[in-house]
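Only one structure is covered here, and it is reproduced in the block below.
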Amino acid sequence: MMVQREGFRERLLTWYDRHRRDLPWRASRDPYRVWLSEIMLQQTRVAAVIEHYQEFLRRFPTVKKLAAARESSVLAAWSGLGYYRRARMLHAAAKVIVRQHGGELPSTEQELRALPGIGRYTAAAIASIAFGEPTAVVDGNVERVLQRISGKQLSGKALWTAAGKLLDPNRPGDFNQAMMELGAVVCTPRAPACLTCPVVQFCTTRGEFAAKGKATPQKKREIHYVLDRRNEDHRNAEVFLLQRTQHASLMPGMWELPEITGTNGTGSPSFTLRHSITVTDYTVQVWHCAAPSHVSGKWVSVKRLRQVALTGLARKILRKAAIL
Ligand code: SF4
């Protein structure tokens, strides 16, 4: 078993060294950068993270700068990534790091887990990638790879134990990233590329565990928004926005366009776009007209929009309207 494990590690790491994707956060082992990328990558596509990662670092280049920032600035920089609770926790953790650890991320999995927003997976990822601690990670990709390699429906504790046994203690950070990379680009959910898989000879199932059946059907919904502007052609152009309450369960405190229920049966929308959130596909119709009088919003200067924490959809609409 030991020989097999060593062979597996060697094959996987050789493949990773040659084929790993060139992603911006892989250029550095700086703990703050590793942490930031891990938080951004939760529930967000790699392509979207690439777009935001450098810009976020430009605005908050160190943990201290992040800790000292106002929450609204942090949320504005996060805008477009969604799941804003992650940004709030990141900000809260940065303050704890400055207060209790002199501005340096603690270096062990155990200490990292004590920080806001850092669970078992993230703590293990930071500890292994940034500090070389021999601790394994399990995410959705690793889970799938382990199940297929072993031919067992491993779950919970058994998964973490299996990952820990397979981990290469000499290169734990690279090994963890290699397992996740293998799941992301080779051992994919529906069509694992077993013919080109670097660890095929260690794999029990070789594709038999590919997910069957169709994806969950998407629901369809139509929604309408008002795009109300004034001084359009002037330097002090403004757009009418409203802020979600701090108690909203989704995206509290973020800014958006006023939503209206329908069209009053007159005219046609200025433009339409599509927007998907988890299991719902939205057809979004945007109307150039005055916001309903009962809506208590605010005129926001177009020049300031980049500093405002907009919802992802508001950002999309304003971009399509060439305002942002
Ligand atoms: Fe996944 Fe196929 Fe490689 Fe097995 S051989 S790990 S199923 S890609």
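The values are calculated or read from the model by the stated rules, or taken from the named source; none is laboratory data. In this text the structure is predicted, and so the values were computed from the model without any measurement. Neighbour counts are summed over all protein chains in view; Cβ atoms, including those assigned to glycine, are modelled from backbone coordinates with ideal geometry. We work out accessible area using only protein heavy atoms, side chains counted, and drop any ligands, DNA or RNA first. Shrake-Rupley method; radii C 1.70, N 1.55, O 1.52, S 1.80 Å.
Some values worked out for this structure:
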{"item": "Scope region 232-276; condition in contact (Cβ under 8 Å) with a residue 24 or more places away in the chain, charged (D, E, K, R) and in a loop (DSSP other than H, G, I, E, B); matching residues", "result": "Arg235, Arg244"}
{"item": "Qualifying residue in region 135-142 (condition: among the acidic types (Asp, Glu) and either touching a Lys or Arg at 6+ places or on another chain (Cβ under 7 Å) or under 20 Å from Asp22 (Cβ atoms) (or both))", "result": "no"}
{"item": "Within region 205-214, considering residues that are near the ligand (Cβ under 8 Å from one of its atoms) and at negative phi, the one modelled with the lowest pLDDT", "result": "Ala210"}
{"item": "Any hit, region 217-228, residues being open to solvent by 60 Å² or more (accessible area, probe 1.4 Å) and either in a helix (DSSP H, G or I) or within 14 Å of the ligand (Cβ to nearest atom) (or both)", "result": "no"}
{"item": "Selection within region 1-27 - touching a helix residue (DSSP H, G or I) at 6+ places or on another chain (Cβ under 8 Å) and assigned to a loop (DSSP other than H, G, I, E, B)", "result": "Arg20, Arg21, Leu23"}
{"item": "Check on Asn176, touching a Ser or Thr at 6+ places or on another chain (Cβ under 8 Å), at pLDDT 95 or above and of a type outside the set (A, V, I, L, M)", "result": "yes"}
{"item": "Residue check for Leu115: assigned to a loop (DSSP other than H, G, I, E, B) and touching a residue at least 12 places away in the same chain (Cβ under 8 Å)", "result": "yes"}
{"item": "Single residue of Val295, Val286 found to be under 29 Å from the mean Cα position of the chain (by Cα) and either under 18 Å from Ser79 (Cβ atoms) or not assigned by TED's automatic domain parsing to the domain that holds Ala48 (or both)", "result": "Val286"}
{"item": "The listed residue being acidic (Asp, Glu) and either assigned by TED's automatic domain parsing to the domain that holds Cys289 or within 16 Å of the ligand (Cβ to nearest atom) (or both), out of Glu111, Glu143, Glu133", "result": "Glu143"}
